[in-house]
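**Student:** My structure is below; once you've seen it, I'll send some questions.
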Amino acid sequence: MRAAAILALCAFPAFANEAEELLLAETGDAEYGEYLASECTSCHQISGAMDGIPPIVGWDEIAFRLTMHHFRNKTREHQAMNVIAARLGDEEIAALSAYFATLNPEDDG
Amino acid sequence: MNINRRLFMGTGAAATVALSAPMVRAAGHGKPRVVVVGGGAGGATAARYIAKDSEGAIDVTLIEPTRTYYTCFFSNLYLGGFKEFDDLGHTYGTLASAYGINVVHDWAVGVDRDARTVSLAGGASVPYDKLILSPGIDFVEGSVPGWDISVQNVMPHAFKAGSQTELLKAQVEAMPEGGLFVMIAPPNPYRCPPGPYERVSMIAHTLSKINPSAKILIADPKEKYSKQGLFEAAWQKYYPGMIERLGPDFGGGNVTVDPSAMTVDIDGEVEQAAVVNVIPAMKAGRIAELAGVTDGNWAPINPEDMSSKADPDIYVLGDAAAQGDMPKSGFAANSQAKVCANAVRGALTESRVFPAKYTNTCWSLVSENDGIKVGASYEPAEGKISSIEGFVSQTGEDAAVRQATYEESEGWYAGITADMFG
């Protein structure tokens, strides 16, 4: 993940600030992520199906982490996601990204 | 096999003795057993997560009397004409076939905490190492004088979805022109805080199409209620002049009903009604009381893992639990179930146990494509589940926001029912 993060920072230097750099450098614990993901799957279907709520399985880890970070710091607005992301630390976001990256749409976790 | 952690509580020679006793109890079986009572948002979710994540290491039995479970959440949308009745129904086949859960369609009628068994109405006795109670609600007898369960076919509650919901809808559709619909709203705490008011919105929506001169009267013992400003603004906008609410200041808490005359006495004023929807005061589903884990009307739990304060081998989920700040909702029960499942699995198989985190959102539909919501995040603090941060829809939001909120609720329904039933 660390190598991937550095690559990402090289590729998108304009988007990387110190907070994002630290988040992208975090090692993701997929097992912790699987537990945390159970909060997500009340709304976001594990199958990847979309019925009014976007799918979140099979995402690129970097995109997932930055999206959650932007919900957390409210640069991206959504009432529910801002509240959910607000209590997630870098460790939790990294764990979630590691877990969701292991899933493919239509696989049943 | 996985050896239950409890076996290691003794030391030295005592541990050897301890090892033999549970083996006898589990003879011929070998795996730890979890019994879940109640197949709703709490119980079905807990059963599914324990079975899924333990990958066969735990035997899971789910006891649920109904073959088809009709969700209380979204049942108001059926009253409003936005859902078919069958849209609300879900079966347990996938939990049995894909997750290996032993689904038993029977009523749990007793819990022997010393023997660790659950007795069923059919006569069977089911042993457990951990018992999860998620029985939903029952009604407090006598809370609305004149009403009891024997007259629910005349004055339906429709707060346990199914035939009651169908009956209420049929009654609304059969109202005479200009007739009166009366709702007796429940006192706190109760299942689904915005539920009665979403119901009023949906019934008003139906009446505005088929019987626009009909009236709705709410007798309410509460000073205020969930999303009140949002509901009142919607009623003003969509159903002007149709809905009146009498709070406790106007006798809304002093109500008796007469089902044979179809009248409601509100603080001495007698109203002749076409439909009376009595939503009585609520308490934990009866099995929680029979198990001896209730204190008053509800079952207190430890916020770290949803275990009962009365028995470390019993967990209580959802509406039945006295847990702190979370509303009694399907979303909350589903959230609590996952914390509980993680803890139960850890206790029985030594899998990793992670810190409890809870979430809730309650969406309500007030008119076509006009959804509102309230939600929050929660964590254990001060001995209860405590609110961390919340959000709520605002009055005056534009139509696109409200439509997106409604569409989000549809997505949530698909998500949570997949999370419950597989």
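**Student:** All but one of (1) over 20 Å from B:I132 (Cβ atoms); (2) surrounded by fewer than 14 Cβ atoms within 10 Å (Cβ to Cβ) hold for B:G80; which doesn't?
**Tutor:** Here B:G80 meets the rest and fails (2).
**Student:** When you check B:Q164 against the structure, is it without any contact (Cβ under 8 Å) to a residue 24 or more places away in the chain, outside the structural domain of B:D87 (by TED's automatic domain parsing) and surrounded by 17 or more Cβ atoms within 10 Å (Cβ to Cβ), yes or no?
**Tutor:** So B:Q164 passes the test.
**Student:** Does B:V144 qualify as being closer than 18 Å to B:A261 by Cβ, of a type in the set (A, V, I, L, M) and touching a Ser or Thr at 6+ places or on another chain (Cβ under 8 Å)?
**Tutor:** Against the criterion (closer than 18 Å to B:A261 by Cβ, of a type in the set (A, V, I, L, M) and touching a Ser or Thr at 6+ places or on another chain (Cβ under 8 Å)), B:V144 qualifies.
**Student:** In addition: Does any residue of the range B:394-408 turn out to be among the small types (G, A, S), within 11 Å of chain A (Cβ to nearest Cβ) and either buried (at least 19 other Cβ atoms within 10 Å of the Cβ) or in contact with a His (Cβ under 6 Å, 6 or more places away or on another chain) (or both)?
**Tutor:** no
**Student:** Select from the range B:57-103 the residues that are free of Cβ contacts under 8 Å to residues at least 24 places away in the same chain and more than 14 Å from chain A (Cβ to nearest Cβ) and list them in ascending order.
**Tutor:** Across the range B:57-103, the qualifying residues are B:T68, B:E84, B:D86, B:G89, B:G93, B:A96.
**Student:** Kindly evaluate B:K357 against the criterion of being touching a Phe, Trp or Tyr at 6+ places or on another chain (Cβ under 7 Å) and at the interface with chain A (Cβ under 10 Å from one of its Cβ atoms).
**Tutor:** So B:K357 fails the test.
**Student:** Could you grab me the full set of residues in the range B:368-386 that are open to solvent by 60 Å² or more (accessible area, probe 1.4 Å) and on the phi < 0 side of the Ramachandran plot?
**Tutor:** Residues satisfying the conditions are B:E368, B:K384.
**Student:** Further, regarding this structure: When the range B:366-387 is examined, which residues are found to be more than 8 Å from every other protein chain (Cβ to nearest Cβ), among the hydrophobic types (A, V, I, L, M, F, W, C) and under 26 Å from B:Q228 (Cα atoms)?
**Tutor:** Across the range B:366-387, the qualifying residues are B:V366, B:I372, B:V374, B:I385.
**Student:** A follow-up question, please. Within the range A:83-103, how many residues are outside any loop (DSSP other than H, G, I, E, B), surrounded by fewer than 17 Cβ atoms within 10 Å (Cβ to Cβ) and not aliphatic (A, V, I, L, M)?
**Tutor:** Qualifying residue count, the range A:83-103: 1.
**Student:** A:A80 passes all but one of (1) at the interface with chain B (Cβ under 9 Å from one of its Cβ atoms); (2) open to solvent by 60 Å² or more (accessible area, probe 1.4 Å); (3) touching a Lys or Arg at 6+ places or on another chain (Cβ under 9 Å); which number fails?
**Tutor:** It is condition (2) that A:A80 fails.
**Student:** Sticking with this one: Could you tell me whether B:V104 is closer than 11 Å to B:T61 by Cβ, in contact with a strand residue (DSSP E or B) (Cβ under 9 Å, 6 or more places away or on another chain) and open to solvent by 20 Å² or more (accessible area, probe 1.4 Å)?
**Tutor:** When the stated conditions are applied, B:V104 passes them.
**Student:** Yes or no: B:D112 in contact with a Gly (Cβ under 6 Å, 6 or more places away or on another chain) and under 30 Å from B:R345 (Cβ atoms)?
**Tutor:** So B:D112 fails the test.
**Student:** If you don't mind, there's one more thing I want to ask. If I ask for residues that are open to solvent by 10 Å² or more (accessible area, probe 1.4 Å), under 20 Å from B:S387 (Cβ atoms) and in contact with a Ser or Thr (Cβ under 8 Å, 6 or more places away or on another chain), which ones from the range B:339-360 would you list?
**Tutor:** If the condition is that a residue be open to solvent by 10 Å² or more (accessible area, probe 1.4 Å), under 20 Å from B:S387 (Cβ atoms) and in contact with a Ser or Thr (Cβ under 8 Å, 6 or more places away or on another chain), then B:K357 is the only one that fits.
**Student:** Condition first: open to solvent by less than 10 Å² (accessible area, probe 1.4 Å), in contact with a strand residue (DSSP E or B) (Cβ under 8 Å, 6 or more places away or on another chain) and over 30 Å from B:E177 (Cα atoms). Can you find one or more residues in the range B:268-278 that meet it?
**Tutor:** no
**Student:** Let me confirm something: among B:A204, B:A185, B:A174, B:A214, which residue is open to solvent by 20 Å² or more (accessible area, probe 1.4 Å) and at pLDDT 95 or above?
**Tutor:** B:A174
**Student:** Answer with yes or no whether B:R352 is away from chain A (no Cβ under 11 Å), over 30 Å from B:T294 (Cβ atoms) and basic (K, R).
**Tutor:** Judged against the criteria, B:R352 is not a match.
**Student:** Let me ask you something else. Can you tell me which residue is nearest to the other protein chains (Cβ to nearest Cβ) among those in the range A:26-57 that are touching a Gly at 6+ places or on another chain (Cβ under 7 Å) and among the small types (G, A, S)?
**Tutor:** Residue satisfying both the conditions and the ranking: A:G52.
**Student:** Considering only residues that are in a loop (DSSP other than H, G, I, E, B) and at pLDDT 95 or above, look in the range A:49-76 and name the one that is surrounded by the most Cβ atoms within 10 Å (Cβ to Cβ).
**Tutor:** Ranking the candidates gives A:R76 first.
**Student:** Would you mind listing the strands (runs of 3 or more DSSP E) fully within the range B:260-340 where at least 2 residues are closer than 29 Å to B:G247 by Cα and of a type in the set (D, E, K, R)?
**Tutor:** Of the strands (runs of 3 or more DSSP E) lying wholly inside the range B:260-340, those with at least 2 residues that are closer than 29 Å to B:G247 by Cα and of a type in the set (D, E, K, R) span B:269-272.
**Student:** For B:G390, work out the one condition from (1) free of Cβ contacts under 8 Å to residues at least 12 places away in the same chain; (2) facing chain A (nearest Cβ under 10 Å); (3) open to solvent by 30 Å² or more (accessible area, probe 1.4 Å) it doesn't fulfil.
**Tutor:** (1)
The values are calculated or read from the model by the stated rules, or taken from the named source; none is laboratory data. Bear in mind the structure is a predicted one, so any value in this text is a computation, not a measurement. Cβ atoms come from the backbone with ideal geometry, glycine included; neighbour counts cover every protein chain shown. Ligands, DNA and RNA are excluded from the accessible area calculation, which covers all protein heavy atoms including side chains. Shrake-Rupley method; radii C 1.70, N 1.55, O 1.52, S 1.80 Å.
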